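> My structure is below; once you've seen it, I'll send some questions.
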Amino acid sequence: MAGFPLKGCRFGDPWGAAKRVLRNFPLRVRSPHGYRFSSYDAWLYALARHWRTPELSRLSADDAFMLCRIDRHEFYWPSGAKAESLPYVYAEVFEHPFFNPHAYEWGPCQIHRGDHVLDAGACEGFFSLYALERGATVYAVEPVPALAQALRQTLDAAALGEAHVVAGLLGRATGEAPLAMDSSDLCMAKRADVAEGPMVQEYALDDLVDEGRVTRVDFLKADVEGAEEDLVAGAQRTIAKFRPRISLAVYHSPSQARNVRDFCSATFARYAWRFRGLYAWDEQPRPYMLYGWPLDR
């Protein structure tokens, strides 16, 4: 791996990951769903599985929220909600993209200073903070009411730039939708298939743009626990108008990556689409991320 930026790896052991891949090189280069993986994907998988994630510190708390810190970032989190997964989520956002199968920026899919960034599934706000630090205006969309409230406090306290929080889901159409969530991991909240959980507001991104609540989208990031295709289906006019770079998490089911790519390829003209990363190597392997960027810029 000579010439690669190994010293830029914050949370992993690149040489140890290479040894793990050589000892157990993946025999399955294709999946049942037609995905193909490279040795780089295998190395990323081995590296991320053994990340040394940073420490989470609880600085203060009241009945509603606690103030936490990971590395150099402070953020609010609902009091009583479990936070054990947050250091790993932090690494997924702030690890260098070369060492990160879950990186939201890759290749031409980059955030530029002055961009308007849509953060769908904003959760604790790590990616919103990341985008603000890059000089972007941020629209953070989060369906869990307590997380949306905590996110407002986080972004207000950070004072890094212009940030707007939209409480709700992004989907195909505007209305109400049931929310499935588990207090053991609020980051996994998602739109429910049946009306068993609390009802929350759902928006089509096109409607938020039409109403002026989102004025522009230059970079669209979504990790919405399997509803990524619904999100882009409700954003067709927005994507056609603004031609944003698009970064979608597509690992939530074995067929999701292929289904979302096929929908996007058929719907959005003059875009390039690329998979990256390897999830569930030992089970049903599928890509982590799908990146899209317009070809006419």
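All of the numbers you see were taken from the coordinates with simple rules; none came from a lab. Please read these numbers as outputs of a predicted model, since none were measured by experiment. Ideal geometry is used to build each Cβ from the backbone, glycine not excepted, and the neighbour counts take in all protein chains shown.
> Going by C-beta contacts inside 10 Å, put 85, 184, 39 in order with the fewest on the left.
Ranked by crowding around the Cβ, least crowded first: 184, 39, 85.
> Continuing with this model, one more query. If you split all Cα-Cα distances of segment 153-297 into 5 Å bins from zero, what percentages do you get per bin, shortest first?
All Cα pairs, binned at 5 Å, distribute as 2, 9, 16, 20, 19, 18, 11, 4, 1, 0 percent.
> Dipole size in debye (nearest 20) for the chain around its Cα centre, Lys and Arg Cβ +1, Asp and Glu Cβ -1?
So the magnitude is around 1560 debye.
> Give me P(r) over the chain, computed from all C-alpha to C-alpha distances, binned every 10 Å, as integer percentages.
Here the calculated profile for the chain is 6, 27, 36, 24, 6, 0.
> Residue-wise, which Karplus ³J(HN,Hα) couplings in Hz belong to segment 68-79, taking 6.51 cos²θ - 1.76 cosθ + 1.60, θ = phi - 60°, and x for glycine or proline?
10, 9, 10, 6, 9, 10, 9, 7, 9, 9, x, 4
> In sequence order, what are the phi-derived ³J(HN,Hα) couplings for segment 254-268 according to the Karplus relation 6.51 cos²θ - 1.76 cosθ + 1.60 with θ = phi - 60°, rounded to whole Hz, with x for glycine and proline?
Each residue of segment 254-268 in turn: x, 9, 4, 4, 5, 5, 5, 4, 5, 5, 5, 4, 7, 9, 10 Hz.
> Related question: Positive end of the dipole of the chain, charges at C-beta (+1 Lys, Arg; -1 Asp, Glu), about the Cα centre: which of 43, 288, 97 has its Cα farthest in that direction?
Sorting the options by dipole projection puts first 43.
> Only Cα pairs under 8 Å and at least 6 apart count here; give the relative contact order of segment 28-294 as a rounded whole percent.
17 percent
> Relative contact order for segment 1-149 using alpha-carbon pairs under 8 Å, separation at least 6, rounded to a whole percent?
17 percent.
> Explain nothing, just compute: Karplus ³J(HN,Hα) = 6.51 cos²θ - 1.76 cosθ + 1.60, θ = phi - 60°, for every residue of segment 168-177 in order, whole Hz, x for Gly and Pro.
Here the 3J(HN,Hα) series is x, 9, 10, x, 6, 8, 8, x, 10, 8 Hz.
> Applying 1/(1 + (r/R0)^6) with R0 = 41 Å to the Cβ-Cβ distance of residue 36 and residue 159, what FRET efficiency is obtained, to the nearest 0.05?
Result of the calculation: an efficiency of 0.35.
> Can you find, among 265, 67, 205, the residue sitting farthest towards the positive end of the charge dipole of the chain, where Lys and Arg contribute +1 and Asp and Glu -1 at Cβ?
Looking along the dipole axis, the top candidate is 265.
> Which aspartates and glutamates have a Cα less than 14 Å from the Cα of residue 82, not counting those fewer than 8 places away in the same chain?
Partners found: 124, 182, 185.
> Quick one: if you stick a label point 7 Å off each Cα along the C-beta vector at residue 282 and residue 213, how many nm between them?
4.3 nm
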